[in-house]
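Scroll down for the structure; my scribbles are underneath it.
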Amino acid sequence: MAQLASHFSFLVRALGALAIAAGTALPVAAKDAKPPLAGDMTKLELQVERTAAPALAFKDKADADASLDAFRGKVVLVNFWATWCIPCVKEMPSLDRLAAKIGSEKFVVVALSLDGPSRPKVEPFIRSRKLDNLQVFFDTQKKSYGALRIAVLPTSVLFDAQGREVGRLQGDADWDTPEAEALVRHVIGDGS
């Protein structure tokens, strides 16, 4: 029996070496696989090692304290945006469609507005564009913006269900594409 196991181990190593030499790779377990990145999602900068998000504090529509902890157990896409940011405005409908496609059981899009003096424009903006699938919050003092070292608007940061950063995408993207959906579903399904 030990000899059979030894032969099997040798065969697996040999096939792996052949696959590397041929420029292909053997499939890895889903939980060990990197998220699929194609289309606009190639702009996502993956974290080498997922680390816990810093304490993110922001306000809800009623100006009550809120945090990322409220979404523990869900994959969260935090999108930093503002009504005065043209690329932000452009991508908001696609973020809403992504949230609708995947549903809110295991995924949420947190639209974290940086509107300060223009904050009164946010609610009418969301209503007029029927962005009903986004969870809208406010970072008027830019605390979360600073804690995550955001440099440009829009920036979207993807967190796994344990609150660890998977990666971030700076600039706008089409979020309602099959590529974006595959990325999010991968993070939901990898259980990490």
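Taking the stated definitions as given, is Leu169 open to solvent by less than 40 Å² (accessible area, probe 1.4 Å), free of Cβ contacts under 8 Å to residues at least 60 places away in the same chain and either touching a Gly at 6+ places or on another chain (Cβ under 9 Å) or within 20 Å of Met41 (Cα to Cα) (or both)?
no
Looking only at the range 77-126, which residues are touching a Phe, Trp or Tyr at 6+ places or on another chain (Cβ under 9 Å) and among the polar types (S, T, N, Q)?
Within the range 77-126, Asn79, Thr83, Ser94, Ser113, Ser118 qualify.
Quick one: which helices (runs of 4 or more DSSP H) lie wholly within the range 83-192 and hold at least 1 residues that are closer than 22 Å to Ala55 by Cα?
143-147, 178-189
Return yes when Val110 is open to solvent by 10 Å² or more (accessible area, probe 1.4 Å) and touching a strand residue (DSSP E or B) at 6+ places or on another chain (Cβ under 9 Å) and no when it is not.
Considered against the rule, which asks whether it is open to solvent by 10 Å² or more (accessible area, probe 1.4 Å) and touching a strand residue (DSSP E or B) at 6+ places or on another chain (Cβ under 9 Å), Val110 comes out as no.
Determine if the range 116-126 includes at least one residue that is more than 20 Å from Leu169 (Cα to Cα), among the hydrophobic types (A, V, I, L, M, F, W, C) and without any contact (Cβ under 8 Å) to a residue 24 or more places away in the chain.
Checked against the condition, which is being more than 20 Å from Leu169 (Cα to Cα), among the hydrophobic types (A, V, I, L, M, F, W, C) and without any contact (Cβ under 8 Å) to a residue 24 or more places away in the chain, the range 116-126 yields at least one hit.
Say we look at the range 50-77 and pick out the residues that are open to solvent by less than 40 Å² (accessible area, probe 1.4 Å) and touching a Ser or Thr at 6+ places or on another chain (Cβ under 7 Å); which of these is farthest from Val122 (Cα to Cα)?
Leu56
The values are calculated or read from the model by the stated rules, or taken from the named source; none is laboratory data. Here the structure is a predicted model, which means the values were calculated and not measured. Here the Cβ is made from the backbone with ideal geometry for all residues, glycine too, and neighbour counts use every protein chain on show. For accessibility, only protein heavy atoms count, side chains too; no ligands or nucleic acids. Shrake-Rupley method; radii C 1.70, N 1.55, O 1.52, S 1.80 Å.
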